[in-house]
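Down below is the structure, laid out as structure tokens.
Every number in this text was worked out from the coordinates using simple rules, so none of it is lab data. The structure displayed is predicted, hence computed values, not measured ones. Positions of Cβ are generated from backbone atoms using ideal geometry, with glycine treated the same way; all protein chains shown enter the neighbour counts.
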Amino acid sequence: MSGICGIVRFGGASVDRALVRAMTAALAFRGPDRQDTRIEGGVGFGHALLRTTPECALDAQPERLEHAWITADARIDARDELVRALSGRGRAGLEECSDAALILHAYLAWGEDCVRHLLGDFAFAIWDARARRLFCAIDHFGVKALFYSAFKGGLVFGNTLDAVRMHPAVGTTLDDLAIADFLLFEINQDPASTAFADIRRLPAGSRMTVAADGLRVESYWQVPQAEVRYRKAGDYVEHFRELFTRAVEDRLRTHRVAVSMSGGLDSTSIAATAKALLARQARPFVLHAHTGVYDRLIPDEERRYAGLVAGALGIPVTYHPGDDCALYEGFGEAAARFPDPYHAPDDAIGFRIVRAAAGDARVLLTGFDADSLLNESPRPYLRSLWTERRFGRLGSAVAGYLQQERRTVFRALLRRRRPARTAPSHYPPWIEPGFAARLALRERWEDAYAGWMKGGGVRPAAHQYLVDFQRYGFFFDQYDAGVTRVPLEVRHPFFDTRVVAYCLSLPPVPWCVKKRILREAMGGALPQAVLRRPKAPLAGWPAIGVLAGHESRWIDGFTAAAGLEGYVVRSRVPSVTGGGEPMEAWMNLRPLTLSLWLEAMRSFENSSRSMQHEIA
């Protein structure tokens, strides 16, 4: 999770060398191993290195090759395939070079289409001195981030919000529509904007070209739709196992790894696969599991199941009880680092795990988000077969499902049913009327919840989820070192594009009903108790229990931060500590989240002004 930043100016002006160096120095927390800059005339790049792979020993960014130079936060997967492809373009002997150098070679071989040859998690910027242009891109799902701000005659960029905000041309004015989207939906509906009017973010799966004549952003990848059919059931499982193993292997590339491991099937599959791969190496390794548990607040069996897996794999596990986690614990420290208000008042346990994992390793693996990828109701698929009059396949699918479930479900499967929604039942009553009228927020809210886009392919629900996930690329911000301030790279094997494409092509019956394909693929690798464990949500919402405690009384009486009154009528925010419907309570906590975020912004602005004064 290296730090990258840069400034480009056109028209003959030179960049401020002191500012580029200060921006780079400010990234040392995410790249403690080496900080360096490259500054030539109107271009200045900075890089702060976090070594997480063997190839990082050769990483000397910002790196120059021929007429181009690069600063990158990147882990490139399927390196062997990329090296072979580059060899075919006359670029041989690249087996040991850094990931950043591979990207640069790919750019010199294919130009802007280089991104179509890259797999992995990446955010990078390349200055092409011959063409006098800046080329940037981020990975397919936006695991890595890239923020930028265009000003007269130039642009500043970085993968850390704080660094971009250090530039004096970047103002502090908020984007009111982004704030409105947070209050209405918790999600900024514009994937290219942030809560700051002057700062944009590159959407997932996008590339950007900047030159003297303007700026262009375009998508280079969309969530795929396909269908795969094998004659033998075992072939489905074997192909999945092969891709899944490769996804985990590409995300290891180190001998010290932590895994965020619940007692469920997804993260334990990651842990078991990682252990098997590490055990093949000739050198010693560390694989340490971290598990969030609840011992008192709610009924919870994660400790038991995670312990079974850790024992079977022979790896240490650290339990992190969440019973004593206060709402908004540590939120003030992290709030200002998010590009938009981030609504996670009960996320303290996640931050604790990240901090603890950084003590064991520089890489943390997660099982996020196999639920949506591998567990889908068969209804949409069977209904589409009926609509398309593919009765032969429909009969086979229904028969297979009946055999798997051992119950009569035909009518239930074909019954028309609207997709489940998670929206509150009414428009938030505390939004400031003038603000709402100016941006037509009630109409915006009604339009958003009036319709429901339909996904495509054989996995319509999963496809739609991943399309939305890619569009709303902020989901990974909570794991980013720019927010956590921990030098830890968090990697997500289930968001490997090879795994995603294959899983979306699977017939949901029987493979994606209750994650059957994952259960069969992990047979023999995990304890039977885990393989047979039914998928079930937490037995209760922990935050409701915390809200009932005396220590949460301050929430109902919070003092509004300066500026909140432009968005929220504080007196209309109802009490949330006296019980009630969980979704309503969650919605009514948004004004407090925004208030805390605004306070954090003001604190950051004060410190930033002091820093700019020192640079000047």
Derived scalar couplings ³J(HN,Hα) [the range 47-63; Karplus, 6.51 cos²θ - 1.76 cosθ + 1.60; whole Hz; x for Gly, Pro]: 8, 10, 8, 10, 7, 10, 9, x, 5, 5, 4, 9, 7, 10, 7, x, 10
Can you run phi through the Karplus equation (6.51, -1.76, 1.60; θ = phi - 60°) for the range 261-266 and list ³J(HN,Hα) in whole Hz, with x for Gly and Pro? 10, 7, x, x, 6, 5
Which residues' amide hydrogens lie under 5 Å from the amide hydrogen of Asp121, considering only partners 5 or more residues apart or on another chain, with H built in the peptide plane? Arg75, Asp77
Please compute the modelled spin-label separation between Asp295 and Arg216, points set 7 Å along Cα→Cβ, answer in nm with one decimal. 6.0 nm
Could you check how many percent of all C-alpha pairs in the range 483-548 are farther apart than 19 Å? 60 percent
Could you give the alpha-carbon Rg of the range 223-272 over 2.2 N^0.38 Å, rounded to two decimals? 1.44
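Set the Förster distance to 41 Å, then compute FRET efficiency between Ser87 and Ala437 from the Cβ-Cβ distance, nearest 0.05. List each step's numbers first, then the result.
Working: r = 62 Å, r/R0 = 1.50.
E(calc), rounded to 0.05, equals 0.10.
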Give me the Å³ per residue figure for the convex hull around the C-alpha atoms of the chain. 167 Å³
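Compute and list, largest first, the equivalent-ellipsoid semi-axes of the range 427-517 from the alpha carbon gyration tensor, each √(5λ) rounded to a whole angstrom. Please list the in-between numbers first.
Values: eigenvalues 218, 114, 19 Å².
So the equivalent ellipsoid measures 33, 24, 10 Å along its semi-axes.
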Ranked highest first by the average count of other Cβ atoms within 10 Å around their residues, in what order do 177-183, 568-574 fall? 177-183, 568-574
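What relative contact order, as a whole-number percentage, does the range 123-180 give when Cα pairs under 8 Å and 6 or more residues apart are counted? The partial results should precede the final answer.
Values: 59 pairs, mean separation 12.0, N = 58.
So the answer I get is 21 percent.
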Taking amide hydrogens as modeled 1.01 Å from N in the peptide plane, which residues meet the under 5 Å criterion relative to Phe196, leaving out close sequence neighbours? Asp175
Considering the options Ala212, Leu313, Leu177, tell which one lies farthest towards the positive end of the dipole of the chain, charges being +1 on Lys and Arg and -1 on Asp and Glu at the Cβ, about the Cα centre. Leu313
Could you give log10 I(q)/I(0) at q = 0.11, 0.12 Å⁻¹ for the range 3-221, computed by the Debye formula over C-alpha point scatterers of equal weight, without solvent? -0.51, -0.61
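For a protection proxy built on the mean count of beta-carbon atoms within 10 angstrom, sort 50-59, 590-599, 11-20, 88-97 highest first, please. Intermediate results must be reported in sequence, preceding the final value.
Numbers: 50-59: 17.8, 590-599: 22.2, 11-20: 14.6, 88-97: 12.7.
Sorting 50-59, 590-599, 11-20, 88-97 by mean packing, highest first, produces 590-599, 50-59, 11-20, 88-97.
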Can you give me the long-range amide H partners of Val286? Hydrogens built in the peptide plane at 1.01 Å from N, cutoff under 5 Å, separation of 5 or more residues or another chain. Arg256, Val257
The range 244-258 - phi-based ³J(HN,Hα) in whole Hz, Karplus 6.51/-1.76/1.60, Gly and Pro as x: 5, 4, 5, 4, 5, 4, 5, 8, 8, 6, 6, 9, 10, 9, 10
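Ranked from highest to lowest mean number of other Cβ atoms within 10 Å per residue, what is the order of the peptides 129-138, 270-279? Mind showing how you got there, number by number?
On the way: 129-138: 18.7, 270-279: 21.3.
In descending order of packing, they fall as 270-279, 129-138.
Exceeding 27 Å between C-alpha atoms, which entries from my cross-link table qualify? They are Lys232/Lys275; Lys275/Lys515; Lys232/Lys515. Each step should come with its number before you reach the end.
Working: Lys232/Lys275 29 Å; Lys275/Lys515 21 Å; Lys232/Lys515 18 Å.
From the list (Lys232/Lys275; Lys275/Lys515; Lys232/Lys515), the Cα-Cα distance tops 27 Å for Lys232/Lys275.
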Give me the number: length gained by fully extending Arg498 to Asp468, i.e. 0.36 nm times residue separation minus the C-alpha to C-alpha distance, one decimal in nm. 9.0 nm
Please state, to two decimals, what the Cα-based radius of gyration of the range 319-358 comes to when divided by 2.2 N^0.38 Å (N = residues). 1.17
Based on the alpha carbon coordinates of the range 197-242, what radius of gyration and maximum Cα-Cα distance (Dmax) apply, in Å? 19.7, 57
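Using 1/(1 + (r/R0)^6) with R0 = 56 angstrom and r between the beta carbons of Arg283 and His67, what's the FRET efficiency to the nearest 0.05? Could the numbers behind the result be given before it?
Working: r = 39 Å, r/R0 = 0.71.
Once the sixth-power term is evaluated, E becomes 0.90.
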To one decimal place, what Kirkwood hydrodynamic radius in Å is obtained for the range 124-164 from all pairs of distinct Cα atoms? 11.4 Å
Simple spin-label estimate for Ala169/Arg256, 7 Å along Cα→Cβ, in nm, reads 4.1 nm
Can you pull a Stokes-Einstein diffusion coefficient for the range 146-224 at 20 °C (1.002 mPa s), Rh from Kirkwood over Cα pairs, as a whole number of µm²/s? 158 µm²/s
Take every Cα-Cα pair in the range 1-131 and report what % of them are more than 26 Å apart. 21 percent
For the pair Glu446/Glu333, report the inter-label distance in nm, with labels modelled 7 Å from Cα in the Cβ direction. 4.6 nm
